[in-house]
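A.B. asks: A single structure is presented below for examination.
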Amino acid sequence: MTDNDESLGIFAGTLGVARRDLLLAWKRPGDILNPLFFFAMVATLFPLAVGPSPEQLEFSGPAVLWVAALLAMLLSLNSLFLSDFEDGSLDQMLVSPLPLSALALGKTLAHWLTSGLPLVLVSPVVAITFRMPFSVTGILMLTLLLGTISLSLLGSIGAALTVGLHRGTALLSLLILPLAMPVLIFGARTVSLVAAGDGVAGGLYFLGAYAVLVLSFAPFATAAALRISNE
Amino acid sequence: MDALSMGGYGAYVWTCFMLTVVVFVICEWRARLRHRRVYRDIEVRIKALGDTQ
Amino acid sequence: MWKFIHKLASPPHFYRLAAQIVPWLVVPGLLLVAYATYAGLFLAPADYQQGDAFRIIYVHVPSAYLSMMTYMIMAVSAGIGLIWRIKLSHAVAAAAAPLGAWFTFLALMTGSIWGKPMWGTWWEWGDPRLTSELIMLFLYFGYMALRGAIDDTVKADKSSAVLALVGAVNVPIIHFSVEWWSSLHQGPTLVKKGGPAMDTAMLYPLLAMILGFSFLFGALLLRRVRAEVLFRERRTRWVKEMVLSGGT
């Protein structure tokens, strides 16, 4: 086998795992819809708690949407490796000739497509209720797009570390939330700045650079964590 | 007495220094306690093994 | 060289050596801290802006420094343990985490107490250093929670090592993003802690305090690692022989 074939094989492995997870998600749409409902409900809680004052809602909109998105991502992370761990597919992946990091990347890709991307697509609907102008909504979607990629990748490390521990989402949140804070800071603050009429480039560059950085180490960390968790 | 009042900030300054001492003492005490517990457990186990032989 | 490292890292050798080193850290540590406390509280002149409240930095800055330093020690030794499979370095990482959390807590408390007379509030979100320390505390909590959740020591060592390394990559990014976040905040003008142009009569006690804290911290760490090593080696022959002969 030449080098070219080999890299094609790895690529196909990543996509194969992703396709399988997407098919599974298609058959159980609840897994995709539940985090979305959760997202909408958390976003509803804030106006109810704060009061219906339009200025306040407009002001807190970016923060509320970002926090709700972060929590919704966390909610879906817990099950990332759980079903594979329970039905033995994870053992198959561990003995597969393909590098585990490539397969883990495939899992993460599927996770992002089933939880990150739907959040990005649904966010404008929720944003309208916070009186967010369309130009700002576009930036919100862009920050969520870049931010959820980082969150999926970081989250896959946490999910791999806690798989099989049966400690639930609380432990996973404790591991992931401190690491996710830069994403939240830059995501939410960039949207607020745009809403206040400031420039956006810096925040978006950061989110993009951070996504690339996390992409460069997260698949390997996830693979290492999966091996350790299944020893 | 004047030096202790720290120009009116005495309560804040002395609380901080006291707190530091407390943290050091707690850390030292926890380390000793853990060592003593582990040591005692080992002693008990060795003794139990010796008795059964 | 390798032989030397392996001998040093062998648990029985380390266990005995650490006990001998501890007094050599405690004595200079206590002397330095005693000098720095006296000089910092009574000899150094009061700050022209902050008055005598600035003296809180003599415990705040060293504990903040140790809280960062400990995370690095933890991550580096966890990484060494993961890569070269040296058992002792996992014990160091396990022993360092609670100490780091305690010093982060101390830095937060003293920073907050310093803030009350300076800012008029116990907590100021606009200060990036306090916020960074808070996130640091959460990082320690996460690390210790993961360790606590895994019963098997070997597995706990490796899993928490992966987390510590990922955390170490993130620590500088967290600091940078918190700095950026607070720089946008046009709040009340805050009095800055320390400042670049510090009088030497103020600076020397601070340096002595940082050094003294480091010595005492080293002693605490060695004590904790000894307890950790004893626990991990509890079924080995050398521990049994040592306990039977009444050694500590």
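Where a number appears in this text, it was derived from the coordinates with a stated rule and is not lab data. Everything numeric here is computed off the predicted structure, so don't read it as measured data. Positions of Cβ are generated from backbone atoms using ideal geometry, with glycine treated the same way; all protein chains shown enter the neighbour counts.
A.B. asks: Which of A:27/A:107; C:3/C:87; C:158/C:240 have a Cα-Cα distance over 20 Å?
C.D. replies: Details: A:27/A:107 17 Å; C:3/C:87 16 Å; C:158/C:240 27 Å.
Beyond 20 Å: C:158/C:240.
A.B. asks: Average partner chain C-beta neighbours within 10 Å, per residue of A:220-231?
C.D. replies: 4
A.B. asks: Please go through segment A:26-135 and write out the trypsin sites (Lys or Arg not before Pro) that DSSP classes as loop and that have at most 14 other C-beta atoms within 10 Å.
C.D. replies: For trypsin sites (Lys or Arg not before Pro) across segment A:26-135 that sit outside H, G, I, E and B with at most 14 neighbouring Cβ atoms in 10 Å, the list reads A:131.
A.B. asks: Dividing the alpha-carbon radius of gyration of segment C:1-102 by 2.2 N^0.38 Å (N being the number of residues), what value is obtained?
C.D. replies: 1.45
A.B. asks: Considering only C-alpha atoms, what is the centroid distance from segment C:1-31 to segment A:152-223, in Å?
C.D. replies: Distance between centres, Cα-based: 40 Å.
A.B. asks: Continuing with this model, one more query. Report the calculated FRET efficiency for residue A:33 and residue A:83 (r = Cβ-Cβ distance, R0 = 25 Å), to the nearest 0.05.
C.D. replies: 0.90
A.B. asks: For chain C, what's the radius of gyration and Dmax over Cα atoms, in angstrom?
C.D. replies: Using the Cα atoms of chain C, the pair Rg, Dmax is 20.5, 67 Å.
A.B. asks: Taking each pair of distinct Cα atoms in chain B once, what is the resulting Kirkwood hydrodynamic radius in Å?
C.D. replies: Answer for chain B: a Kirkwood hydrodynamic radius of 14.6 Å.
A.B. asks: Additional query: Would you calculate the separation in nanometres between label points at residue C:207 and residue A:129, each defined as 7 Å from the Cα along the Cα-to-beta-carbon direction?
C.D. replies: It is 6.0 nm.
A.B. asks: Related question: Can you list, largest first and rounded to whole Å, the semi-axes you get for segment A:2-229 by taking the square root of 5 times each eigenvalue of its Cα gyration tensor?
C.D. replies: Computed over segment A:2-229, the values are 33, 19, 15 Å.
A.B. asks: Chain C: longest stretch without exposed chymotrypsin sites (Phe, Trp or Tyr not before Pro) (DSSP loop, at most 16 other Cβ within 10 Å), sites themselves excluded?
C.D. replies: That would be C:126-248.
A.B. asks: Averaged over peptide A:154-166, how many Cβ atoms belonging to another chain are found within 10 Å of each residue's Cβ?
C.D. replies: Numbers: counts 2, 0, 0, 3, 4, 0, 2, 10, 5, 0, 2, 5, 1.
Mean number of neighbouring Cβ atoms from other chains: 3.
A.B. asks: Now a separate question. Just want to confirm a number: the relative contact order over chain A, from Cα pairs under 8 angstrom separated by 6+ residues, in percent. Don't skip to the answer; put the middle values down first.
C.D. replies: Details: 250 pairs, mean separation 62.0, N = 231.
This gives 27 percent for chain A.
A.B. asks: Where is the GNM fluctuation largest for chain A (alpha-carbon springs, 10 angstrom cutoff): A:124, A:62, A:29?
C.D. replies: Fluctuation is largest for A:29.
A.B. asks: Another question, then. If you wrap the protein assembly as shown's Cα atoms in a convex hull and average its projection over all directions, what's the area in nm²?
C.D. replies: 32.0 nm²
A.B. asks: What's the long-distance tail for segment C:25-71, i.e. % of Cα pairs beyond 13 Å?
C.D. replies: 63 percent
A.B. asks: List the extent of the Cα atoms of segment A:43-140 along each of their three principal axes, largest first, rounded to whole Å.
C.D. replies: 57, 27, 15
A.B. asks: Sticking with this structure for a sec: If I stretch the segment between residue C:85 and residue C:169 completely, what's the gain in nm (0.36 nm per residue apart, minus their alpha carbon distance), one decimal?
C.D. replies: Here the segment from residue C:85 to residue C:169 would lengthen by 28.1 nm.
A.B. asks: Next up: How many nm is it between the label spots at residue A:40 and residue C:234, if each spot is 7 Å from the Cα in line with the beta carbon?
C.D. replies: Between residue A:40 and residue C:234, the simple spin-label model gives 5.4 nm.
A.B. asks: Still on this structure, please answer the following. Would you give the gap between the C-alpha center of segment C:48-73 and the C-alpha center of segment C:78-115, rounded to a whole Å?
C.D. replies: Here the answer is 17 Å between Cα centres.
A.B. asks: With charges only on Cβ, +1 for K and R and -1 for D and E, what is the dipole size of chain C about its Cα centre, in debye, rounded to 20? Intermediate results must be reported in sequence, preceding the final value.
C.D. replies: Numbers: 21 positive and 13 negative charges, 252 e Å.
Computed charge dipole of chain C: roughly 1220 debye.
A.B. asks: Would you look at the GNM of chain A, springs on alpha carbons closer than 10 Å, and say which of A:211, A:25, A:49 moves the most?
C.D. replies: Per the Cα network of chain A with a 10 Å cutoff, A:49 tops the list.
A.B. asks: Over chain C, what is the mean sequence separation of C-alpha contacts under 8 Å (at least six apart), divided by residue count, expressed as relative contact order in percent?
C.D. replies: 35 percent
A.B. asks: Averaged over its residues, how many other protein chain Cβ atoms are within 10 Å of peptide C:99-106's Cβ atoms?
C.D. replies: Neighbouring Cβ atoms belonging to other protein chains average 3 per residue here.
A.B. asks: OK, next. Which of these, A:112, A:66, A:26, has the largest mean-square fluctuation under a Gaussian network model of chain A (Cα springs below 10 Å)?
C.D. replies: Evaluated over chain A, the most mobile residue of the options is A:26.
A.B. asks: Among C:220, C:139, C:88, what is the fewest-to-most ranking by other Cβ atoms within 10 Å?
C.D. replies: Final ranking by Cβ density, sparse to dense: C:88, C:220, C:139.
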